[in-house]
Structures are given as structure tokens and as C-alpha cells.
Amino acid sequence: MRYYNYLYLALIAAFLISCSGNGVDKASQSITEEGIKEYIAVLASDDFQGRFPGTLGEEKTIHYLSEQFSTLGLLPGNGDSYFQEVPLMKITPETDFTLNISGKKGSLTLQYGPDFIGGTPTPTENVNISGSDVIFVGYGINAPEYQWNDYEGLDVRGKTVVMLVNDPGYATQDSALFTGNAMTYYGRWVYKYEEAARQGAAAAILVHETKAASYPWGVVENSFKGTKFYLTSDPITKSELLMQSWITNDNARKLFQMAGLDFDATTQMAAQRGFKPIEMKLKASASYSNRVEYMSSNNVVALLPGSSRKDEYIIYTAHWDHLGVNPAMEGDSIFNGALDNASGTAALLEIAKAFKSLGKVQDRSILFMSVTCEEQGLLGSQYYAENPIYPLNKTVAVINMDALNIFGRTHDMAISGYGYNELDDYAKVVIESKGRYIVGDSRPESGGYYRSDHFSFAKVGVPSINISFGTDNVEHGKEWAETTLLKWIMDNYHKPSDNYEPESWKFDGMVEDVQVYFELGYKLSTTDHFPNWREGTFYKPIRDAMMK
């Protein structure tokens, strides 16, 4: 242990000397509050109309970003273009239809919006679900590695499955069940719909619960209502799943009552091994029309070539998209997405500026990528990961930035999936050199690791890291920071109130965090090592295979 400590201190010292010798300190100081403010003010302005893919808001956003990259002296990242086209299918359902559930004890008519949110992932202009048998499938999970299959021995073709959000481990707080309190990918709504489609279901209904989902019903309404995008290559678009939907918790309780089931007791049973799906003896019906369009959106990519190892790449990612405009809303109807994610996109530009100000060109090439359709299910990053411009086995690491710190300086920084890969070690060196410390995800039950663009790269094996701001606030302490963050999420996340507020936001902590992102990328750019995943992680065999 003593030898390890000496070695670790020597590593930090060597890194600091290297930084100083190559002008890294000066470059890091070029990341300023004024620079970040300037970029956010533009990207989160009403003029950009909420940066919704396929609109004038996208056109303004991507051209602004390409112009800024060009002005900074970065090369086009895709041949002679700053854009990578992402082919999409756009489905817009009518929004005045109902979902009807009937049984021997009566019927339940659910209104689109206040009661449920739904739509089809298939290119179908007219959806007609009539008298589909309703089955409660617990958490809707088929996970062999956890010896769990809610669909075992069950044929759900043509039927409607009702599922709970999150994992059995979260519900029971049993550390031996899945990963305990921490959500796995099986707890995410994306997975649950995909599995329902693989099983042949006609419709999938996900029961909303604020704590288990980690956001209130208003987020479901604002995020899932209306137009949805899908990659044209997505298997779910070719499935038999005619409707994927959310239902409020109150209406779910009514549905269970109609089936003669106690909601609390039944959902508790669903979190226990040996749970068997329950035929609810109910019928589901819905009929509505869609407008199906095929279009393209764009990832914005800019390249800063390296010197001695220019065919090896470090990628910085931050999504540029948000939720656009909802003209049906009274008052403020523009979802400006200032924190989510004009802040991360601004950091991308500031870090590019810092790299350009280095006294010596870094060894490895840096790709700055602002991706589209993160809010639609990580589609832009997924498309790049499946259609990379630069070889994945030459991609050293991905550093993702999504919603930066507006609450002030912190002693800590948080890493989602801390311990998954060796990028943590590099981050640890940088963060501790500044007298700060690393914590894991403060809310692992929210599934944050699976909710931003680094995960698209993890799925294909590329080591990726998502560092977010900490909650050990220098001025106010942990309790204040955690309470303030939770209040901000409940009041502003995916709402028009996520506005740029330079008078109330604090930028000193944001600047310090962005400097960490920069110095982490620089450190990775000066080594010949390819970080890998830790033994036992799902993604390591994928990485090992590509590196042979």
C-alpha cells in the first residue's frame, strides 16, 4: 500500500510538471465565466426556439456551432463537413385520443396528457388496438445474468403488457437483487419498451412513480408527448409494438382495482423472485392516427488533429438538442434548455478554445462532437457509435458533458458508474490535484449512467466517462446542495423554466469543473495507454475483442 501511495503521488507530480511545461495551466485558465456565459446566452435564447431536431431551431444551432468551431480553427470532423447526418423516422400522433380499459367491474377511459402519454414506434399511419388482453408482467425484465425473466413461459403476442419502472433491487433495497438501490439498464423505460417489442406485445404500459422514475409526471408529459424520433435502423420500428405508453400512478391503481388486485401488494410481489405474470382479465383499446415522416438531423463534429499519435482519438460529447416549443402552453412555451444542455455545449466550445491555446499540440487528436436527439433516447450518439467516422479501436475515450454546475463551487465531483473503467483513475489524478475528491453517483437509483450520451459508446465497448458536479458545496455544504438540486429538478427539469439566468446562476463552480474536463482530456492525449473497462463489467469483452 505504501508503494502504491508513493507511485500515485509520483504520477500526480509527473502530470503536474507535464502540464506546466506544455502551457496547460495557462490554457486551462483560458476557460472563463465570460466565455461560457456568451455561448449559453446564444444557445438558450428564444431565437433558437428550444433547439428541437428538424426545425429552424436545429438549423440555427448547428450552423452556430459549426461557425464557432471554424472560428476557433478546428477542422471539419467528417471529411470536408462539420456535420454527420443522422437518418430519422419522425412520428407525430394525434393528441386527443383515449386509452380505454374495460373489464367485468367497469371501464376506465384515460385522456391523452393528464392520464397517459403514448404513441407508436412503428411507421403506421393508423393504429387500432381493439380488445387486447392486459397482462401485468411486473418489471418487464428478461435478464439471464440476474436469473430473472418476467416473460418466462408467457406468450404476449398481440397483448398489452403493464410494467413497473426501475428494478426489483430498487423496490426491495436488497443489495443482492440486481444491483440493489442502483438502477441497471433493465430499469430504464427504453429497455422495457424494447423487450416488450421483442416479446411481440401489441402495447406496453409503463406505470409512473415519481421516486422510481426520478422525475414527476410533468416530465413525462413534456418529454414524451407529441412528436418522437427513431433511428431508421432501430429494430423497434419494425416490430409489432403498436403503442408504448406511460400511465399515471393514480390511474394505475384504478386499473388494478378493476382487475380485483391490491396495487401495493401486487407490485411488492413483482419485486420478489418467483413472481408470475398476472392475467388481469381486462381489455385495452386505442385508436388513433399518426403522421409519419422521414428526415435527417445532424451531429456537429469538429477535429483538432494531434501530433505524434494523430490516428488515435479522444471524443468530447455534449448534446445540443432540447424540447423545442409547445404552442399549446399558456405563457412561456419555449423549452430553452439552458442548463440541459446549452451549458454542456458551451463547455465543448470553451474546451476547444483551451486546446487551441496550448503552447504545444497534444499528441492525440481530439474530436468535439455536439450530438442530436439525446432527449429522444440518445439517438445522435447511438448513430455515431454504430456508424463511427473514426475507428472505435482507435478511439481512446469519450468524455461526456450534460447539464453543468450552476450552484457554486464544490469540494467534490461525481462520476456516474464510478469504478466501471480506468478513466476513473485519470479523473482522480486531475481532480485530486486540485484539492477536490471524487464521489460516485449520488442518486444511482435514477439510472443516470444510462441517461446520457456516454452510454451509447459504452454499449459498443468504448471506455466513456460522465463526470457531473458534486454536492459538497463549498459555501453551503452537502444538505443545502442536495436539497437545492432536487428542487431545481422538480421545478425546472424539461420545463420552459429551464432558462438562462445569469443573475442567479453561479459560474465559479462551473468554470472549475470545465477546467477538469479539459485537463482530463489533455492527460489522455499525452499518454500511449488505452484505458479499459474493469474486470467483470459487461463492456470489457466488447472492448477486448475490438482491440485484438
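The values are calculated or read from the model by the stated rules, or taken from the named source; none is laboratory data. Since the structure is predicted, the reported quantities are computational estimates derived from the model, not experimental observations. As a convention, Cβ positions derive from the backbone with ideal geometry for all residues, glycine included, and neighbour counts pool all protein chains shown.
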Legend entry - Residue in region 121-139 that is at negative phi, without any contact (Cβ under 8 Å) to a residue 12 or more places away in the chain, polar (S, T, N, Q) and touching a strand residue (DSSP E or B) at 6+ places or on another chain (Cβ under 7 Å) present: no
Inset, instruction - Go through region 183-228 and count every residue that is part of a loop (DSSP other than H, G, I, E, B), polar (S, T, N, Q) and under 27 Å from Thr372 (Cα atoms). - result: 3
Legend entry - Residue check, Asn166 under 30 Å from Tyr294 (Cα atoms) and buried (at least 19 other Cβ atoms within 10 Å of the Cβ): no
Inset, instruction - Please report, ordered by residue number, the strands (runs of 3 or more DSSP E) entirely within region 242-360 with at least 2 residues that are in the same structural domain as Thr172 (by TED's automatic domain parsing). - result: 243-247, 278-304
Inset, instruction - Working carefully through the options Glu85, Glu152, Glu67, find the one that is in the same structural domain as Pro53 (by TED's automatic domain parsing) and not β-branched (Val, Ile, Thr). - result: Glu67
Legend entry - Hits in region 143-174 (condition: assigned to a strand (DSSP E or B), in contact with a helix residue (DSSP H, G or I) (Cβ under 8 Å, 6 or more places away or on another chain) and not aliphatic (A, V, I, L, M)): Trp148
Legend entry - Boolean, Phe97 is hydrophobic (A, V, I, L, M, F, W, C) and either under 30 Å from Glu432 (Cα atoms) or at pLDDT 95 or above (or both): no
Inset, instruction - Take region 339-365 and flag every residue that is over 29 Å from Tyr185 (Cβ atoms) and among the hydrophobic types (A, V, I, L, M, F, W, C). - result: Ala346, Leu349, Ala352, Ala354, Phe355, Leu358, Val361
Inset, instruction - Among what's in region 97-153 and is within 23 Å of Gly200 (Cα to Cα), out of contact with any Phe, Trp or Tyr (no Cβ under 7 Å at 6 or more places or on another chain) and acidic (Asp, Glu), pick the residue that is surrounded by the most Cβ atoms within 10 Å (Cβ to Cβ). - result: Asp133
Inset, instruction - Report, ordered by the first and then the second residue, all pairs with beta carbons closer than 9 Å, sequence separation of six or more or different chains, a first member in region 209-227 that is on the phi < 0 side of the Ramachandran plot, and a second member that is of a type in the set (Gly, Ala, Ser) and part of a helix (DSSP H, G or I). - result: Glu209/Ala252; Ala212/Ala171; Ala212/Gly187; Ala213/Ser446; Tyr215/Ser223; Tyr215/Ser446; Val219/Ala213; Val220/Ala213
Inset, instruction - Give the residues of region 386-408 that are among the small types (Gly, Ala, Ser) and surrounded by fewer than 24 Cβ atoms within 10 Å (Cβ to Cβ), sorted by residue number. - result: Ala403, Gly408
Inset, instruction - Return the only residue of Gly140, Gly180 being part of a loop (DSSP other than H, G, I, E, B), under 26 Å from Gly440 (Cα atoms) and of a type in the set (Gly, Ala, Ser). - result: Gly180
Legend entry - Residue in region 302-316 that is of a type outside the set (Val, Ile, Thr), surrounded by 19 or more Cβ atoms within 10 Å (Cβ to Cβ), out of contact with any helix residue (DSSP H, G or I) (no Cβ under 7 Å at 6 or more places or on another chain) and within 30 Å of Gly106 (Cα to Cα) present: no
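Might you let me know whether region 188-197 holds any residue that is without any contact (Cβ under 8 Å) to a residue 60 or more places away in the chain, more than 26 Å from Arg443 (Cα to Cα) and surrounded by fewer than 17 Cβ atoms within 10 Å (Cβ to Cβ)?
Scanning region 188-197, I find no residue that is without any contact (Cβ under 8 Å) to a residue 60 or more places away in the chain, more than 26 Å from Arg443 (Cα to Cα) and surrounded by fewer than 17 Cβ atoms within 10 Å (Cβ to Cβ), so the answer is no.
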Legend entry - Matching residues in region 375-405 - criterion: being among the acidic types (Asp, Glu) and closer than 23 Å to Glu38 by Cα: Asp402
Inset, instruction - Give the residue, chosen from Ala328, Ala284, that is over 30 Å from Ser525 (Cα atoms) and in contact (Cβ under 8 Å) with a residue 24 or more places away in the chain. - result: Ala284
Inset, instruction - Scan the helices (runs of 4 or more DSSP H) fully inside region 409-505 and keep the ones with 3 or more residues being buried (at least 16 other Cβ atoms within 10 Å of the Cβ) and within 15 Å of the chain's Cα centre (by Cα). - result: 454-459
Legend entry - Set Asn336, Asn299: member being buried (at least 24 other Cβ atoms within 10 Å of the Cβ), within 18 Å of Gly54 (Cα to Cα), out of contact with any Leu (no Cβ under 9 Å at 6 or more places or on another chain) and not charged (D, E, K, R): Asn299
Legend entry - Tabulated pairs, region 145-171, first more than 12 Å from Thr267 (Cα to Cα), second polar (S, T, N, Q) and outside any loop (DSSP other than H, G, I, E, B), C-beta under 7 angstrom, 6+ apart or interchain: Asn149/Asn142; Asp150/Asn142; Tyr151/Asn142; Gly158/Ser132; Lys159/Ser132; Thr160/Ser132
Legend entry - Selection status of Ala414, farther than 23 Å from Lys506 by Cα, of a type in the set (Gly, Ala, Ser) and either at pLDDT 95 or above or in contact with a strand residue (DSSP E or B) (Cβ under 7 Å, 6 or more places away or on another chain) (or both): no
Legend entry - Single condition Thr237 does not satisfy, out of (1) surrounded by fewer than 20 Cβ atoms within 10 Å (Cβ to Cβ); (2) part of a loop (DSSP other than H, G, I, E, B): (2)
